[in-house]
Each structure stands twice: as structure tokens, then as C-alpha cells.
Amino acid sequence: MKWESLCSGLLLTGVVSAIDYGTFQDPANNARLKFRYWLPDASVDIDTVQRDIKAAGALGAGAVEFVPLYNYGASLAAPPKGADWATYGFGTPAFNKVFKASLQAAKDAGMRMDFALGPSAAQGVPSVVTDPGLHWDLTHFHVSLPSNGSYSGRIPGWGSGELVALVSARSTSSSRIMNPASSLFSTPANKATRLTIETDSLTDHTDKVKLDGTVSLSLINGSKHGGHHLFAYYQYQDLAKNLDIETNTTGTIFDNGSYTVDHYSPRGAETVKNFWETHILNDTEIVSLLHDVGTYGWEDSLEIKSNISWSPSIPERFEKLNGYRLQKYLPLLQYGNNNPGVQPSYPGKLKCVANDDHRGEGFVNDFRAALAAGYGEYLDTLTSWLQGLGLGYSAQVSYNLPMDMQTNIDRVDAPECESLAFNDNIDGYRQFSGAANVAQKPVISNEMGADMQKALALPLSELLGQINIAFAGGVNQVVLHGQTFTGDYLESTWPGYLSFFLLFSESYMDKQPAWELGMPDMINYVNRNQYILHKGQPRTDVAFFNKVSYTDPQLNTLYTDDDLIDNGFTYTYLNPTNLELSQAYVSDGILAPEAPAYQALVVTSQDNMTLEAVSKVQEFANSGLPVVLNGGMPGYYPTGNASERDAVATALQKLKSSENVHTSTKGGLASKLKALGIRPRVEVSTPSNATWYPVMRTENSTDYVFVFSKGSAAQGYLRVNSTKTPYSLNSWTGERTALLNYEVHEGYTSIPVMLARNQTTAFAFSNDWETEAPTPVSHAVHVSSGVIGYNFTTQKDLVVHVATSANPGNQSLKLSNGKRYNISPNTEVSSFDLRDWNLIAEHWEAPQNMSDATVIADKRNSTHHLTSLVSWLDIPGLHNASGVGYYSSHFAWPPKSVKNTGSIDGAYLALPQISHGLKLFVNGQAMHALDFADPMIDIGPFLHNGSNQITAVVPTLMWNYIRSIYDELEISGSKPLLTPLPGNVDTGFIGNVKVIPYTAHHISL
């Protein structure tokens, strides 16, 4: 039976069919975090792979992203002894067996599974070398001609490939320039030549070249300060590999690794498709399992090296798009059009610029637009094919390539970005999420946590900071980088197969002490926030126009003023292609009213526009959309010979004088928007040392608000454009409670909020949640600072907890119905610290047999008395240790320092910020999950008279111990690659623990 018939009639799982997100307390797989799972190769123990996948599900993950890594096929290290790509490579029968078993494990665990479309970063597949869908390159050769401009003989580089063009040009000057060094790739700076040429002198002589590669030319004499130059361009399949492995053992396509495919035409996608249909989807069980649990076929960041990004289809596509031929302008395109992400120090040795006003940039821009169009067809082909399988396509769209990233984001089902290159920059994420939001993509994915030099040393709190930043920037799906195979592998010592030879974090596995102690709480927190961020559609206040020739791979901040952020305005970026989407229309003065419903479009003086783009913005303004020209007039985005420059200037002047078009000074955009009656949907007010980032989504009758605090802890206010009943959503515990303290005025709900550094909070606004949580008949409009907790027991009953250390006689609560209550405590008891701690340190160490990676750890205990909670680095005997700390302390209850006669009803426990996980026990009773950023919990119900025990179980980072045995480690036949070796890191339970007694006050609403 053919795979086509098996797939006919399948629903597009998670793409077209209704998406189930579960509940806030228990999100469904579609809203849960994923692990990227690294398979070393298909020779590994299959039972271990299945256990690993199920273990991820047991922690709370909704899926794994299955990536056959084959680390030994990359540039980092040689293959280990015994590695056999021809037998265990991608698409072999052995691989298919592991792939099928992995899908079955996901099914058994009730999970989903994504999968790489090729090995490693999935840029290609095994193939015959004659496949026209493999990667193409364009190489170039250059000679300077004598002063008389004559040339006779074989053209430079003849035989290097298929001749694309022979071009002559006359130069006016030359100089030396420096290609920059790259710290990321450890590449040095190197010199190049900059040649200024006369645009009118560019001449295509390709038709004059004879079959033997000779030509005879006589050109007009050169200028006084320059001369003639001859450029020859050849296209060829360079047989570049995304896995460079050679075995030469079977005489099949599985002998020589995996070949990168052409990403600038559908042919490359067809090569991938044909490989899968021939070698993997011919297994009916795999097809059936993909239907049951598969979600996305996936491709990673584009790490494709070349001289000039190219496909044989580019010249025809270029001419169709731009109306003129490409060939004679190739000298202007040969520099900086390979891969700016992975070849930053090698853009080329010769940079040619034109001597006109725009330096030939218009031709470069047109070339990059043709690349983007070809890449779009590549994406379309894979998307259509995968949807035909009932799946979706996820890709890190155009990442690293010389094109405008935003152009093709809408082409895939789940566009993906990553924390590494985006540098945890909220503005960078907004450059990505805007296009996806307008296209109404339900998933914006993120490869999360790939930090250099942080392997086994990345605290979960730091990872959470990165996740929260991504959420604030519009991401709603985290794929953790990543989970590793836990069993034995070729020439690998304990703790086993560590991905990327420890260059990047992280290798999540059961040998990390936080695997079962910190990660489940963190994962559940992420899952619940992803549930919120999947609901309904985003609501974003402002769209920024943004058109670039190619997107900086490091995604630097574009809007550098703070006025929008300080006022709570949310914004994303759209390029002209995004503005042409069918969803990008104006209704009632709102752009893309279905989502994200922008209230204004901003064009800054840093932007450059084509005539077509100005016309589109004019159309929006004519339809009633407020348009703001910020900081001055935008510039011109050249195309071709820049003939539209004057027309663009005229059109911009017309736009400026149009109705609904306004101007603002630099830094004055927020003030202008407010003057126009445009307010943030979630307005924020914070002290200067804190910045809050709100995200709003709307689904039917419910509005959701997520807020991330960056900076110092601060008390502030949210002013939300909703008058529905507000509820607090606790993403750590899953609790939904009616909000106690808020005021409603002029269509907005004002909420006082206290947020710690790196903390988040979330709210829902709905009039239909009576069954979700007790909805009180009244609420507070003023609450004194001594209130440290509350709960509504029924619609008419409230209990508030007031710290006994609060200012007596000055604590009150005022309700929205006008009632005021004195809630001052009738006793004075100060808060107190727990200072006397006993620590049992469970050391997790390598087994005696370092070759046995199946052992989690050899464990032993040591006991330590602590007068304060300090890092393990400062505790004798624990400097090079990692494992689990069992901390315990006692205190008497009730406290002896009661000054007045009265009741003490309970206490809160305030802990230091949690670095890497913590499980709390009070008198042996396990407490619920704690907020890592502000861990405070009511322990009143668990206290008894007499001595009370507090126990904190704390996992440590693995790095300090691993560093102590670093020289003994081996990873698939190679030593780890950390240079220089990072130092030890603080770990353990660090800070002060405070007991805060309270009195309980019962209030009838």
C-alpha cells in the first residue's frame, strides 16, 4: 500500500482541526512544554530511548522534538570508534526502527512528537550526488584588465561550474576594508578589497564566450583613477553536507552522510519529500503512528555556507519579480550574500559598490527579494506535503540567511525562533511574532535555553528568566534545548552522551539532581502560562513598519526609546509583505482587527520605504487607521536603479498631510498616542527601577493578561481595558481565585500589583466564571499593606491575613459597597528568621566504572551544621560537590515574643528566591509548588503547638562535580570542548528564611 493512500483523508492534526488546550490547572499537550530529544544515532538501546521519552512526559512535557543528532557528522569532532553511519544513519532500517519505537513511546505516554526532517539541523537528507535538488553555490573569479581594456583568452575560473555570467565593469577607486572578527565562531578579522565601479559600465558578455571558454573583448578605456575588471560567475552543486560522513561500504545513498538541499527553490523540498516517501513513509506503521501522535515536521536554524546564496532558478525568478535581468549586476551581489549568521567574518574578499547615490543597494535588495521568494516556495512545498500527511511544518524561518526574516514567517504552521541568537531581547522577539500574529498562527515556537558555556551550570531560575522574556515578546511554545539519551553510547563515559560536547546547555536527564526535584514545578509553571498565551487571539496596541534588506541574525533592538514600554504599550513589527496578508485590513480604525487588532501604525525616521509600501500605508490611513510618523520622515528603500526615489519622496509628503496621519518627536510617541485618544490595553505604572511587560489575549467573553517584571522588585499598578470580573491565575499552583483589591473606572480596571525581579503574574477577566471560582458579591477598593494573604470562602465570605508585625491600629479594608473594616491585629509579634540549620548533603558522584552511563549516580551523605544558608562553595567538603541538600530547621509555636494578649492564627514562610528548585515540607507535610521569584507560602494550617520542623529539599547544579572530574570525561570518542574551562558556580539553598505570623480576620461581604 502506498503512503499516499494511507494518508488520504487525514485531518490536519493541530493545524486545521479544533485545538484542545485543556484547562489552566491541567493544560493539554498542545499547550505544554516540549523537550528537544537528542538521539546519538540509531545504534543505541531502543528501550532506553522509550524510557527517556516517557520520563519527559512524566515530568509534565507534552511532547518531544525528536532530533537524530549524529554529533560526529558535524565539524566539532571525529566519529567515535564503532560508529557506522551506513548502518545506523538517518532513514536506514535501523533508524526507522528507533523512530517507530519513539513514536510508540510517545503514544503510550499520552504525548505528542515532533520530528526533524533530516539528521542534525535537518538541512538535508542522504541522497545521490546527481540529485538537482541538492545545494547550489555561485562562485566568482575576477581579473583586472590592462589600461586598453582588452582581454583575449580563456575567461577566469573556466571549468569551475556552469557559466552564469561574464561581466565587465569600470572602476573609479579601490580601498582596503576589514571583515569583522566573530567571537561566537572564534574567527579572526580579515582584509578585503572595496571596489567602486560605474553602474553604467556594467556589461554582460556571456553570449560572447565560446564553447571552449575563450573570449575576445575590447572595452572602452578606463577612467584616470581606475580601470576595467572582468568577473566570471559559475553555478555548481557543491555537495555541501549537513552531516559530513564518509563510509563507502554499501554502495547506497547511506554511504556519505547527508547532503544539504537547495533552500531557494521547491526542488530542495522535493528532495526531502522524496527521501521520506521512499525510505521512511514506506513503513505503514510509521505512517499510522505519525497520524496518532505526530504534530510537526521540523527544521532548525539555517547553517548553510556558500560563496553566494544561489539556486539555478534565481535568474528567472529575479527577472519575473523585478522586470530586468540579474546577470550584469552580479558584481554588486557577490559580497555579504552568503550566510551572515554563520559566516560573519567571511562575507567575501571583494566588495563592489556602485558610484551612484544608493551605492547599488537597489540591485542587492532585489536579489535578496528573489532569494526570499525562492525560499518561500521551498517552505510552501514542505508545508503542503506535511499537511497532506495530517501534520504541520515548523521551521526557524530564514534564520541566518540574507533576507528579510518577516517575509516568510506566515508560510509555516509553527514558526520558530530561538533564545540564543535572539539574545533574550524582547524587541527581537517582537520582530518575529508580529508577522505570525497577523497571519493568526496559533503557535510561535522557541528553541529555548541554548546558552554557551553553561552546560550543566544553567540554573532553572535563569532559564525561567529567558522563558519569561520570550513570553513577553510573543512566544507561546517552549522547546527546551534539550533532553539527552541516558544510556551507554560509543566511547562515552558517565554521565553519558552530552550534546555538543558541553559547548551549549543543556543536557537534561535523570543524572541532573533537579530532574525530579525542580523541573516538574518549572514545567507546570511554563505549561500553565502557555495555556494562557494560546487562548484566543493576541491584542497588541501598536504596529511598527519595518523593512530591511536582511534581518540581522542577532536581532538588535529597533525601537530604542522607552516611552512605550514605560506606559505599557505593546507593539510588534510588520514588513510590507505582512501588510499584504488578507488579515491585514482596517476596520473601525483598527489594523488586522481579528488579530492582533493594532490601534495605530508607526513609521519611524529610521525606516525606509518603497513606493508600494507608502501607497499601502496611505490606503490604511484613508481607511481610518491612525498613522504616526515618529522622529521625522522615513527614508527611501531602493530597488533596482532607485528610479522611484523622487516618487517616494512625493508620496511621503502627501501621506504626511493626510487625514489620520500624525507626527511625533523621538521619545514622544506614547504622548502622541495618548493625545490621539489611543491608550494601552494594559497600562502600567511602576517605579523607575522596574519595567513591566504585559501581554493580552482575548477569547470570546474572556480577556487574559500576562505580565513579566524585569528589573528590581516594585509595587505598581495595572490598568486593564476591561470591566469584567477579574481573577488571579497562579501559574505555579494552578489556582484560580477572585481578585480582592481593584477599582473600576471609565471602562478600565485598576489593580495594585507587587512583583519581584523576574516574576510574572496573570489574570483573567470574565463574567462567565462563576463556576470556575467563588465570585464575591463585593471586592476591596483599599487594602492596607499589612495584608499578606486572603481567600474567598464563599461569595459572601472573605478571610484576610494580617501580619502581626504590621503597624497596629492602622490596618483597614474598604469594600466597593462602601463598608470599611478595621483589620488591625490584636497582638504584636515580630517576624523572625530561621538561623540554625542542619544540612544532610547527598553527594551524586560518578560510579566506579566510568564507562557505565546507565547509573544515575553513586550516592553518599555528609552532614553539616549551618548558622546561615550559604552556597555549597562556602561549605567545607561541598566546594566540588553536587547532589541534593536536605535542609532542616525548627522553631517554637506560638512564638514567645507576644507583646499583647491576642490570637496568632498562623504564619507565612518567606524563602529566598529559588535558584534550581525546592520542595518544602512543614512537619512532614509536603507543600504546593513555590514561585521561584517570590517563594512565600501560608503554613498556618500545618503548624502545631510546640516544636515545628521546616525541611527544604534542594537540588544543586551538576557542574561543580563534573568540573572536578572534567579530565576523565569522554563524549563519543572526544574530550569536552570547553575552553577556557568555566569556574565553579554558586549552588544550594542561599539566603534567609523568615517566619511571618499573622492574624485571620473574617469579613462578611
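Principal semi-axes of the equivalent ellipsoid, √(5λ) from the alpha carbon gyration tensor of segment 832-998, are 38, 14, 14 Å from largest down. A full extension of the chain between Leu76 and Thr130 corresponds to an added length of 16.7 nm, given 0.36 nm per residue minus the alpha carbon distance. Note: the chain, Cα convex hull, 176 Å³ per residue.
Between the listed residues Asn575, Leu289, Ser851, the Cα displaced farthest toward the positive end of the dipole of the chain, a dipole computed from Cβ unit charges relative to the Cα centre, is found at Asn575. Here the calculated FRET efficiency for Asn880 and Thr249, from their Cβ-Cβ distance with R0 = 56 Å, stands at 0.80, rounded to the nearest 0.05. Remark: Asp238, Asp967, Asp200, Asp207 ranked as Asp207, Asp967, Asp200, Asp238, counting other beta-carbon atoms within 10 Å and listing the fewest first.
Dipole check for the chain: with +1 at the C-beta of Lys and Arg, -1 at the C-beta of Asp and Glu, and the Cα centre as origin, the magnitude is about 1940 Debye. Between Thr278 and Ala181, how high is the FRET efficiency from 1/(1 + (r/R0)^6) when r is the Cβ-Cβ distance and R₀ = 41 Å? Nearest 0.05. Rounded to the nearest 0.05, the efficiency is 0.40. Per the Kirkwood formula applied to alpha carbons, segment 735-815 shows a radius of gyration over Rh ratio, Rg over Rh, of 0.96.
Only beta bridges with both residues in the chain are counted; by DSSP, about 75 percent of them are antiparallel.
Ordered by the count of other Cβ atoms within 10 Å of each Cβ, fewest first, Lys54, Lys896 give Lys896, Lys54. In this structure, the amide hydrogen of Val125, modeled 1.01 Å from its nitrogen in the peptide plane, lies closer than 5 angstrom to those of Tyr259, Val261, counting only residues at least 5 positions away or on a different chain. Given Lys54/Lys107; Lys919/Lys994; Lys191/Lys328; Lys34/Lys241, which pairs have Cα atoms separated by over 18 Å? In this structure, Lys191/Lys328; Lys34/Lys241 lie more than 18 Å apart at Cα. Counting every alpha-carbon pair across segment 682-822, the share separated by more than 23 Å comes to 36%.
May I ask for the distance between the Cα centers of segment 116-170 and segment 64-108, given as a whole number of Å? Cα centres, segment 116-170 to segment 64-108: 34 Å. Relative to the longest principal axis of the Cα atoms of the chain, the long axis of helix 645-656 lies at roughly 30 degrees. Here's the picture: charge each Lys and Arg Cβ at +1 and each Asp and Glu Cβ at -1 in segment 265-408, and of Leu371, Met405, Gly360 the one pushed furthest to the positive end of that dipole is Gly360. Report summary: the helix-based calculation at 222 nm, which adds -39500 (n - 2.57) for every DSSP H run with n ≥ 4 and divides by the residues of the chain, gives -5500 deg cm²/dmol. When the chain is described by a simple charge dipole with +1 on each Lys and Arg Cβ and -1 on each Asp and Glu Cβ, the residue from Leu502, Gly60, Phe544 located farthest towards its positive end is Phe544. Pairwise alpha-carbon distances in segment 832-904 exceed 18 Å for 55% of all pairs. Express in whole angstrom the spacing between the alpha-carbon centres of segment 789-865 and segment 238-280. The two parts, judged by their Cα centres, are 56 Å apart.
Between Asp20 and Glu735, the FRET efficiency from the beta-carbon distance, with R0 = 25 Å, is close to 0.70. For the pair Ser288 and Thr979, the difference between a 0.36 nm per residue extended length and the Cα-Cα distance amounts to 244.2 nm. Going from the fewest other Cβ atoms within 10 Å to the most, the residues Ile840, Ile904 appear in the order Ile840, Ile904.
Which of rounded, prolate, oblate describes segment 385-473, given a ≥ b ≥ c as roots of the alpha-carbon gyration tensor eigenvalues and a/c under 1.5 marking rounded, otherwise prolate only if a/b is larger than b/c? The shape class here is prolate. Strictly greater than 17 Å: what percent of every Cα pair in segment 66-169 meets that? In whole percent, the long-distance tail amounts to 71.
Backbone geometry of segment 59-67 corresponds, through the Karplus equation with coefficients 6.51, -1.76 and 1.60 at θ = phi - 60°, to 3J(HN,Hα) couplings of 6, x, 5, x, 6, 10, 9, 7, 10 Hz, x marking Gly and Pro. Placing a pseudo-label 7 Å from each Cα along the Cα-to-Cβ vector at Asn767 and Ser605 gives an inter-label distance of 4.7 nm.
Excluding same-chain neighbours fewer than eight residues apart, the aspartates and glutamates reachable from Lys210 by a Cα-Cα span under 14 Å are Glu162. Pairwise Cα separations in segment 75-134 fall into 10 Å bins from 0 onward with the following percentages, short to long: 18, 40, 33, 10, 0. Residue by residue, segment 354-365 carries 3J(HN,Hα) couplings of 7, 8, 8, 4, 9, 6, x, 5, x, 6, 4, 4 Hz when phi is fed to the Karplus relation 6.51 cos²θ - 1.76 cosθ + 1.60 (θ = phi - 60°); x denotes Gly or Pro.
A short reminder: the numbers here are calculations on the coordinates, not readings from a lab. Treat the numbers as computed from the prediction; the structure is a model and nothing was measured. Note that we place each Cβ from the backbone using ideal geometry, even for glycine, and neighbour counts take in every protein chain shown.
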